[in-house]
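Worksheet for the structure shown next.
The values are calculated or read from the model by the stated rules, or taken from the named source; none is laboratory data. Treat the numbers as computed from the prediction; the structure is a model and nothing was measured. FYI the Cβ positions are ideal-geometry reconstructions off the backbone, even for glycines, and counts take in every protein chain you see. Just the protein is used for accessible areas: all its heavy atoms, side chains included, with ligands, DNA and RNA removed. Shrake-Rupley method; radii C 1.70, N 1.55, O 1.52, S 1.80 Å.
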Amino acid sequence: MPLIKPESSIQNRRGDWIQTSSGIQFWPLDPCVQEVNVEDIAHSLALLCRFNGHCRRFYSVAEHCVHVASLLPPSLQRIALLHDASEAYIADIPMPIKGSLIGYKEIEHRLMQVIGERFGFLWPMPKEVKEADSILLATEKLALMGAQPAPWHPLPPPLDKKIIKGWPPKKAEKKFLDTFYKLGTTTLKCGR
């Protein structure tokens, strides 16, 4: 059942809202811990293609997150799995553009702080998660991108490119949620 907000509280929110896949109203510019829902995150990230869709086959942000989490010890797996969770609410913006969008980094940072509060981790992400994310990027480059027209920024050595499967969205969503629940549920109930 969707979370229903009293009309007076809706009027006090900053920006406008989006409707999530579970029917929740969510204000990306004014996120609230109780409105963050892991099922919404998993569903959205499973349908979002990495590289703004500019790869040789479909590869979801959800699959990327599952692989990043698999590279780290259990103590860092939850934050690694959720390191791109804000993209469920504000999309996956390519890195060359992200830094030029005025206010985007602040919106993303605020969302990730709220998501961290919801799921029991502190933001910003630890350097180990950034390193694992870079290793995955190098692996994805090898597995998913054709010949590069110019060198990319320096990346660490890639893993075996065969780990990149290109799961269909339903499978990526399930794997994301299975990984999340395997890690334990340090979450608030979503007003349900």
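Do the conditions hold for Ala91, that is, is it under 13 Å from the mean Cα position of the chain (by Cα), closer than 16 Å to Pro31 by Cα and surrounded by fewer than 21 Cβ atoms within 10 Å (Cβ to Cβ)?
Considered against the rule, which asks whether it is under 13 Å from the mean Cα position of the chain (by Cα), closer than 16 Å to Pro31 by Cα and surrounded by fewer than 21 Cβ atoms within 10 Å (Cβ to Cβ), Ala91 comes out as yes.
Arg118 fails exactly one of the following numbered conditions: (1) open to solvent by less than 20 Å² (accessible area, probe 1.4 Å); (2) within 12 Å of the chain's Cα centre (by Cα). What is the number of that condition?
(2)
Having 2 or more residues that are in contact with a helix residue (DSSP H, G or I) (Cβ under 7 Å, 6 or more places away or on another chain) and under 24 Å from Val33 (Cα atoms) is the bar; report the helices (runs of 4 or more DSSP H) wholly within the range 67-183 that clear it. Give the steps one after another, and end with the answer.
Working: elements: 74-81, 87-90, 95-98, 104-119, 127-144, 169-182.
Per the criteria, 74-81, 87-90, 104-119, 169-182.
Regarding the range 1-24, can at least one residue be identified that is under 30 Å from Pro149 (Cα atoms) and open to solvent by 60 Å² or more (accessible area, probe 1.4 Å)?
no
Just to check your reading of the model, which residue among Glu108, Glu140, Glu173 is open to solvent by less than 20 Å² (accessible area, probe 1.4 Å), charged (D, E, K, R) and under 18 Å from Ala62 (Cα atoms)?
Working: Glu108 fails: open to solvent by less than 20 Å² (accessible area, probe 1.4 Å); Glu173 fails: open to solvent by less than 20 Å² (accessible area, probe 1.4 Å).
Among Glu108, Glu140, Glu173, only Glu140 is open to solvent by less than 20 Å² (accessible area, probe 1.4 Å), charged (D, E, K, R) and under 18 Å from Ala62 (Cα atoms).
Give me the pairs, please: first residue somewhere in the range 122-137 and touching a residue at least 12 places away in the same chain (Cβ under 8 Å), second residue anywhere and loosely packed, with under 14 Cβ neighbours inside 10 Å and not aromatic (Phe, Trp, Tyr), beta-carbon distance under 6 Å, and either six or more positions apart or on two chains.
From the range 122-137, the pairs are Ser134/Pro156; Ile135/Pro156.
Regarding Gln148, is this residue over 19 Å from Ala62 (Cα atoms) and surrounded by 14 or more Cβ atoms within 10 Å (Cβ to Cβ)?
On the way: over 19 Å from Ala62 (Cα atoms): yes; surrounded by 14 or more Cβ atoms within 10 Å (Cβ to Cβ): no.
No: the conditions fail for Gln148.
Looking at Ser100, is it surrounded by 15 or more Cβ atoms within 10 Å (Cβ to Cβ) and of a type in the set (S, T, N, Q)?
No: the conditions fail for Ser100.
Which one of Val36, Val61 is of a type outside the set (S, T, N, Q), touching a Cys at 6+ places or on another chain (Cβ under 9 Å) and more than 21 Å from Pro126 (Cα to Cα)?
From the options Val36, Val61, the qualifying one is Val36.
Residue check, His67 against (1) open to solvent by 40 Å² or more (accessible area, probe 1.4 Å); (2) at pLDDT 95 or above, all met but one. Which one?
The number of the failed condition is (1).
Taking Leu183, is it open to solvent by less than 90 Å² (accessible area, probe 1.4 Å) and farther than 25 Å from Leu29 by Cα?
Spelling it out, Leu183 is indeed open to solvent by less than 90 Å² (accessible area, probe 1.4 Å) and farther than 25 Å from Leu29 by Cα.
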